[in-house]
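Structure first, then comments.
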Amino acid sequence: MPDKQYVWMDGEFVDFSKANVHVLTHSLQYGSGIFEGIRAYETGKGAAIFRLKEHAKRFVNSARIVGMDLGISQKDLEEAILSTVRKNGLMGCYIRPFAFYNDANIGLSTIGKRVSVAVVAVPFGNYFANKEKGISCKVSSWQRINSSVLPPEAKASGNYSNSILASVEAKRAGFDEAILLSQSGYVAEGPGENIFLVEDGKLVTPSKEADILIGITRDSVIKISESMGLEVEERMVHREELYACDEAFFTGTAAELTPITSIDLRKVGNGKPGPLTKMLSDKISMVVQGKDREYAQWLTYV
Ligand SMILES: Cc1ncc(COP(=O)(O)O)c(C=O)c1O
């Protein structure tokens, strides 16, 4: 990695330490930004970005949902992401594209306010320290947002007030992470992760009606599982299923595939990462490292 790190900001590279904004910036005050979370992995052919197009598309769609004019195309964004990883000489890293109202005017309205787009890439390891042995979860007292309050399908900064409340509540209570239920009491997702359960050899995951962010890792796990002949049910999931399932795991760009070994102080299965969870975790790690030809199209080499 070179000595200096750079941030891509509105078409130019600026020093990492100079990629700053005014304290009154609209998106800092009101959470009016949108963002993405993407990973690049070290492969035999250098760094490769996992599902770049899908992440760039979700970024553009998040902007459309909140009514933000990005001023750049999906293609421009993909180029900006690739050039940021390249410029910083990174291999495995986390990439954070961020679009925000770069305007220090106090008014709430975003109309006429300047939009800035930044791309930051930083070295990143496991999101959960005890990822390998599995994590403990607590069903949150906070409900997952729904489309009549905030847009769950957009990766909008403001949505994460909900995620942060749930996550911090769980951590303060001694758990590793929260699980949020939807307004109607069905299982939704983690604060920054989708959830899968294993029941009688089948994979079960909440459908979009449960107000989830439609995760790209979730989609990858569904496609990989189906291609391996596993049955996957996308449907509404009762809270009871969290307590009676055989295995459970989170998926996400940061979390990758993280086993859940207890929920509300009850063991999931025998309290250890289950066989299907381990098999899928190994499989996805081969895929992201470019060691599985079937999914070569999911990697964009830097
Ligand atoms: C609320 C929420 N759900 C699910 C996910 C998982 O999505 P992905 O697999 O696309 O990272 C994330 C992370 O992006 C998230 O923030």
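The angle between the Cα long axis of helix 52-66 and the longest principal axis of the Cα atoms of the chain comes to about 70 degrees, rounded to the nearest 10. Each Cα pair of segment 135-288 feeds into the Kirkwood radius, which the Stokes-Einstein equation turns, at 25 °C and 0.890 mPa s, into a diffusion coefficient of 161 µm²/s.
Rounded to the nearest 10 degrees, the angle from helix 216-227 to the longest Cα principal axis of the chain is 40 degrees. Based on DSSP H segments of at least four residues, each scored -39500 (n - 2.57), the chain has a per-residue ellipticity at 222 nm of -8000 deg cm²/dmol.
Taking amide H as placed 1.01 Å from N in the peptide plane, the amide H of GLN5 sits under 5 Å from that of PHE16, each at least 5 places away or on another chain. Note on the chain: with charges restricted to the Cβ of Lys and Arg (+1) and Asp and Glu (-1), its dipole about the Cα centre is near 540 debye. The alpha carbon convex hull volume per residue for the chain rounds to 132 Å³. With a cut-off of 11 Å between beta carbons, the residues surrounding GLU294 carry a summed charge of +3, where Lys and Arg count +1 and Asp and Glu -1. The residues neighbouring ALA154, those whose beta-carbon lies less than 9 Å from its own, together hold a net charge of +2 under the Lys/Arg +1, Asp/Glu -1 convention. The fraction of Cα-Cα pairs per 5 angstrom bin, counted from 0 for segment 6-122, comes to 2, 12, 23, 22, 19, 13, 6, 3, 1, 0, 0 percent, rounded to whole percents. Seen against the Cα atoms of the chain and their longest principal axis, helix 74-87 is set at about 90 degrees.
In the elastic network of the chain, a GNM with C-alpha springs shorter than 10 Å, the most mobile of GLY31, GLY201, GLY229 is GLY229. Among residues other than SER136 with Cβ under 15 Å from its Cβ, the summed charge is +1 (Lys and Arg +1, Asp and Glu -1).
Where a number appears in this text, it was derived from the coordinates with a stated rule and is not lab data. Just so we're clear, the structure is a prediction, and the values are computed from it rather than from any experiment. Note that we place each Cβ from the backbone using ideal geometry, even for glycine, and neighbour counts take in every protein chain shown.
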